[in-house]
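The structure appears below as structure tokens.
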Amino acid sequence: MPAWALRPDGIAIAVRVTPRSSRDILAAGTDDHFAARLAAPPVEGAANAALIAVVAKAFGVPKRAVTLIAGETARLKRLQISGDAALLAKIAASLYEAAP
């Protein structure tokens, strides 16, 4: 799966998570996934909750629009973001364009 894929009700994104970072950030990763650095530790769902909050903020959607669909305990996760698929894909592309 590429870093993001269009779905009828939004987009699905792949994210590689690095917990216990100094700050929360979502940025371009490889062609296959975004890279998320999270301050939260990977215990009791804290990192997953932080990831949902970071993704929601980056895409300008409420947290309830972001759902973890795969990789609950893995570093590589897939999330569904509900909303206007074309607009969400444009935001995903802009995150990659902003990468150094």
TODO: Any chance you could count how many residues in segment 58-86 are in contact with a helix residue (DSSP H, G or I) (Cβ under 9 Å, 6 or more places away or on another chain) and part of a helix (DSSP H, G or I)?
DONE: 5
Open item on the list: For segment 53-65, which positions are more than 22 Å from E97 (Cα to Cα) and in contact with a strand residue (DSSP E or B) (Cβ under 6 Å, 6 or more places away or on another chain)?
Closed with: A65
Task: Matching residues, segment 1-26, being open to solvent by 30 Å² or more (accessible area, probe 1.4 Å), touching a residue at least 60 places away in the same chain (Cβ under 8 Å) and either over 11 Å from L76 (Cβ atoms) or of a type in the set (K, R) (or both) - done: W4, L6, R7, P8, D9, R16
- [ ] Go through segment 34-44 and give me each residue that's out of contact with any strand residue (DSSP E or B) (no Cβ under 9 Å at 6 or more places or on another chain) and either assigned to a strand (DSSP E or B) or open to solvent by 40 Å² or more (accessible area, probe 1.4 Å) (or both).
- [x] A39, P41, V43, E44
- [ ] Hey, could you check segment 54-100 for residues that are without any contact (Cβ under 8 Å) to a residue 60 or more places away in the chain and among the charged types (D, E, K, R) and say which is most open to solvent (accessible area, probe 1.4 Å)?
- [x] R64
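The values are calculated or read from the model by the stated rules, or taken from the named source; none is laboratory data. What you see is a predicted model, and the numbers here were worked out from it, not measured in a lab. Note: ideal-geometry Cβ built from the backbone for every residue, glycine included; neighbour counts use all protein chains shown. Accessible surface areas use protein heavy atoms only, side chains included; no ligands, DNA or RNA. Shrake-Rupley method; radii C 1.70, N 1.55, O 1.52, S 1.80 Å.
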